[in-house]
Amino acid sequence: MKKFLLILLLGAGIISAQSFTFTPDTTYIVQDSGFVQFDCTIENLSGRNLGLRAIRLENDMPQNWISSLCVGISCYPPETDTVAFVIAGGGSVHFSLDVTIWGESLGSGTWLIRIENSSDSSEFIEETFIATNNPSSLTTPSNSPDTFILQPAFPNPFNQSITIPFQLIYPSEKLILSVIDTGGRLVWQETLHHCQPGHYKLQWLGSDISGHTLPSGIYLYKLQSAKSILTRKITLLK
């Protein structure tokens, strides 16, 4: 029997970091084996070595599920809740939350992951991940977050224009898509109102709010609602 897995990625909207980013990239699903990998990138925005900790604050899942933290090429035992590592100045590292589902029973899991500065715990980013093989459990409560999945933009790198796709799971009164340069300055923004669940695509032409062409470089695009924030990286080549 193949397992049907519906995966949701929730941006917790808790961000207090200036020197690094924690960006969910791709969710890999292997249905026959019941394996799910939430794939992310952690990038050091500073010019110095940066010590970080990955902390699994919440690990709520059925008894026959197993989750593990992975940094770089190393995956740690399921009982490990905290992993320390160092990223070189301007560098990045792959991070993933790997989930294995044993047996055929239905259930859902929720994991809260916190990435924090080892030297300053007040600098951190938190993301919540949810996986379920029981879609009927995802009925929308009245106070549910306006959750979305921010997908990779394409083509990336780009020269003239780039398409930014995302999927909205629940209705949202307002969504804001912003593009930010590496100095933290807002260069472009688009606002959508009264959005219904579905798939969306927005296009950015590589120019600022005034229509002036921007220089080559790395930019961050951020999708934000009242309760959720997700960020990804793109490269403009002129």
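The values are calculated or read from the model by the stated rules, or taken from the named source; none is laboratory data. Being a predicted model, the structure only gives us computed values, none of them experimental. Note that each Cβ is placed from the backbone with ideal geometry, even for glycine, and that neighbours are counted across all protein chains shown.
Just checking, which of Ser108, Ser68 is among the hydroxyl-bearing types (Ser, Thr, Tyr) and at pLDDT below 95?
Of Ser108, Ser68, the one residue that is among the hydroxyl-bearing types (Ser, Thr, Tyr) and at pLDDT below 95 is Ser108.
So, in region 59-81, exactly how many residues are under 18 Å from His94 (Cα atoms) and of a type in the set (A, V, I, L, M)?
Of the residues in that region, 3 qualify.
Checking the condition part of a strand (DSSP E or B), modelled with pLDDT of 85 or more and touching a His at 6+ places or on another chain (Cβ under 7 Å), which residue from Glu190, Glu173 passes?
Details: Glu190 fails: touching a His at 6+ places or on another chain (Cβ under 7 Å).
Going through Glu190, Glu173 in turn, just one is part of a strand (DSSP E or B), modelled with pLDDT of 85 or more and touching a His at 6+ places or on another chain (Cβ under 7 Å): Glu173.
Exactly one condition in (1) in contact with a Ser or Thr (Cβ under 8 Å, 6 or more places away or on another chain); (2) at pLDDT 90 or above; (3) more than 24 Å from Thr128 (Cβ to Cβ) is not met by His212; state its number.
(1)
Anything in region 47-61 that is surrounded by 13 or more Cβ atoms within 10 Å (Cβ to Cβ) and either in a loop (DSSP other than H, G, I, E, B) or among the β-branched types (Val, Ile, Thr) (or both)? List them, or say none.
Selection gives Ile55, Met61.
Go over the candidates Gly217, Gly206, Gly183 one by one and state the one that is more than 19 Å from the chain's Cα centre (by Cα) and free of Cβ contacts under 8 Å to residues at least 12 places away in the same chain. I'd like the intermediate steps shown before the answer.
Details: Gly217 fails: free of Cβ contacts under 8 Å to residues at least 12 places away in the same chain; Gly206 fails: free of Cβ contacts under 8 Å to residues at least 12 places away in the same chain.
One residue alone meets the criteria, Gly183.
Are any residues in region 62-82 buried (at least 17 other Cβ atoms within 10 Å of the Cβ), closer than 18 Å to Pro24 by Cα and of a type outside the set (Ser, Thr, Tyr), and if so, which ones?
Within region 62-82, Leu69, Cys70, Val71 meet the criteria.
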